[in-house]
1. Would you tally the residues in the range 406-437 being in a helix (DSSP H, G or I) and either farther than 30 Å from Gly323 by Cβ or open to solvent by 50 Å² or more (accessible area, probe 1.4 Å) (or both)?
2. Any idea which residue in the range 438-468 is most open to solvent (accessible area, probe 1.4 Å), counting only those that are in contact with a helix residue (DSSP H, G or I) (Cβ under 7 Å, 6 or more places away or on another chain) and closer than 20 Å to Glu405 by Cα?
3. Quick check: is even one residue across the range 364-380 within 23 Å of Met300 (Cβ to Cβ) and open to solvent by 10 Å² or more (accessible area, probe 1.4 Å)?
4. Is it the case, given these coordinates, that Val126 is touching a strand residue (DSSP E or B) at 6+ places or on another chain (Cβ under 7 Å), open to solvent by 10 Å² or more (accessible area, probe 1.4 Å) and either among the β-branched types (Val, Ile, Thr) or modelled with pLDDT under 95 (or both)?
5. Restricting attention to the range 313-333, does a residue exist that is over 23 Å from Met182 (Cα atoms), open to solvent by less than 10 Å² (accessible area, probe 1.4 Å) and assigned to a strand (DSSP E or B)?
6. Tell me which of these Trp514 doesn't satisfy, since it passes every other one: (1) assigned to a strand (DSSP E or B); (2) open to solvent by less than 20 Å² (accessible area, probe 1.4 Å); (3) in contact with a Pro (Cβ under 8 Å, 6 or more places away or on another chain).
7. Would you check if Asp58 is surrounded by fewer than 19 Cβ atoms within 10 Å (Cβ to Cβ), modelled with pLDDT of 95 or more and in contact with a His (Cβ under 9 Å, 6 or more places away or on another chain)?
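The values are calculated or read from the model by the stated rules, or taken from the named source; none is laboratory data. This one's a predicted model, so the numbers in the text were calculated from it and none came from an experiment. Heads up, the Cβs are rebuilt from the backbone with ideal geometry, glycines too, and the neighbour counts pull from every protein chain shown. The area values use the complete protein model at the heavy-atom level, side chains included, leaving out ligands, DNA and RNA. Shrake-Rupley method; radii C 1.70, N 1.55, O 1.52, S 1.80 Å.
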Amino acid sequence: MKRKLFIIFALVCTNVHPQLLQDKSNFTRADTLRGSITPEREWWDLNYYDLNIKVQPDKKYISGYNIIRYKVLKSHDVLQVDLQEPLEVAVFSQDNEALDYNKIGSAYFVFLKKKQVPGDYNELYVQYAGKPKEAERAPWDGGFSWDKDKNGKHFIATSCQGLGASVWWPNKDHMYDEVDSMRIAIDVPKDLIAVANGRLRETYDYEFGDYKLFEWFVSNPINNYGVNVNIGDYVNFSEVYKGEQGNLDMDYWVLSYNLDKAKIQFKDAPKMMKAFEHWFGPYPFYEDSFKLVEVPYLGMEHQSSITYGNGYQNGYLGNDLSGTGWGLKFDFIIIHEAGHEWFANSITNKDIADMWIHESFTNYSENLFLDYYYGKEASADYVIGCRKRIQNDKPIIGPYDVNKEGSGDMYYKGANMLHTLRQLIGDDDLWRQILRGLNTEFYHQTVTTKQIEDYLSEKTKKNLTAFFNQYLRDVRIPTLEYKIENAELKFRYIDIVKGFDMPIEVELNGKTEWLFPSSEWKTKPIKGTDFKVDRDYYIYSKKVN
């Protein structure tokens, strides 16, 4: 049992290690247009999308339109909309009047004729069509996944994190601005079912033809990459979870022949909800329900429409990522992807460079799931077991304004950073309050790293500046050098940013004590020679002569 100790420690960074610097020299004008808040984006605020799409599976072809409703923040006459090739815009119009445009890469700059008056709400109609990019390795290299189930029926899904939602529909493709609500209407062949975000509002069988319409509606703000379309020979089952904000509809859409397996495997879903509402607060999208939807790829955190392709087995495709055995106690995709409902879908990074806000907290949520059901030591075993997957190849925070994320270490290293922070706080009730507080303070918001860092520093009453500089912006892991001689322990940190002086717990001859290392050698009188650093702190230790 760890002792609770509140320590205000100074982690102030006054210099920048070369590893902290981000090189933008290899990025293009198209990267900047995709990743920055351009003048043609910043003058208008998204209000509503009305997305209508017809999917023709045999041709791998889509067509449709999106009506973009927006609020004018300041007067301007050029508006940026994004759509990636090989899809093409057929027409832009406003108030039934066609508009001219220029195109640079995936960015369309639309020349508006109507005077844009601050405070007004206007609509832009965008009609488009084509054969969208086919996902090569979904969800990491996204687009449309055109597949067949084992009965030979079409099995189709979209995924687009990082790549951008403009790979399959026209929109304002930047994370900083989320639409307040949206309608998603999908025409598909009559022998198939289309599932999207939010709630199914209506289905419509056309009197003539071979297509059927499925209309879904999202009541809450949603980021673009969280929007998805899934098409297959689905069957549905559901349950009602009694959560912190009342009854929550939990719906499951699976291929018809997987129904029995799903009814067993998806029992992890209400278990997940119970654990995460405990740690993070109420599920953020009661109005839109919670869904698991089977897809032909591994899975993704689409808002209120979590996609699932883990083969109805525990672990990550049957494997324990930690190597401890604890990773086989739960279905990785259900727990991890659903954790993103709090961190990614409710709390969303404004720039993908800050994607650690999504992935570090959500990777850590796996740990908290185990903590809730199996205890603190089990959860520690798991997160520490995943350290072997950390690369320390580049900083976790990526370059800003070019649509580029940082290192994949945002997963396992990020989770271990948060696990270390929990130890520094030394009060699990306070830690839980902080996690729940994040989801209250930044509920349904897009945020920056600075906002999260400032909040954690404020609530922990610790200056965490150098702590985050060390783990988010540097690739080096703090190393505690120590030596024991003449009944004295000498110790110091190396491989640290300037000012890093994180206290740690150690075991000295069977007794737990705090050390306060810095870059300078310090001494402490001791009896005996047994010395071990507490494993819960993500640092290295090295005995020197």
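1. Let us first name the residues in the range 406-437 that are in a helix (DSSP H, G or I), namely 408-410, 412-425, 428-437.
Now narrow it down to the ones that are either farther than 30 Å from Gly323 by Cβ or open to solvent by 50 Å² or more (accessible area, probe 1.4 Å) (or both): 429-430, 432-433, 436-437.
Final tally of qualifying residues: 6.
2. Thr448
3. Filtering the range 364-380 down to residues within 23 Å of Met300 (Cβ to Cβ) leaves 364-370.
Still in the running and open to solvent by 10 Å² or more (accessible area, probe 1.4 Å): none.
So far as the range 364-380 goes, no, none of its residues is within 23 Å of Met300 (Cβ to Cβ) and open to solvent by 10 Å² or more (accessible area, probe 1.4 Å).
4. Details: touching a strand residue (DSSP E or B) at 6+ places or on another chain (Cβ under 7 Å): yes; open to solvent by 10 Å² or more (accessible area, probe 1.4 Å): no; either among the β-branched types (Val, Ile, Thr) or modelled with pLDDT under 95 (or both): yes.
Judged against the criteria, Val126 is not a match.
5. yes
6. The one condition Trp514 does not meet is (2).
7. Values: surrounded by fewer than 19 Cβ atoms within 10 Å (Cβ to Cβ): yes; modelled with pLDDT of 95 or more: yes; in contact with a His (Cβ under 9 Å, 6 or more places away or on another chain): yes.
Answer is yes for this residue.
One line per residue, one yes/no per condition, for (1) touching a Lys or Arg at 6+ places or on another chain (Cβ under 8 Å); (2) of a type in the set (Val, Ile, Thr); (3) buried (at least 19 other Cβ atoms within 10 Å of the Cβ); (4) over 29 Å from Leu370 (Cβ atoms):
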position: Asp205; (1), (2), (3), (4): yes, no, no, yes
position: Asn228; (1), (2), (3), (4): no, no, yes, no
position: Glu244; (1), (2), (3), (4): no, no, no, no
position: Met273; (1), (2), (3), (4): no, no, yes, no
position: Phe290; (1), (2), (3), (4): no, no, yes, no
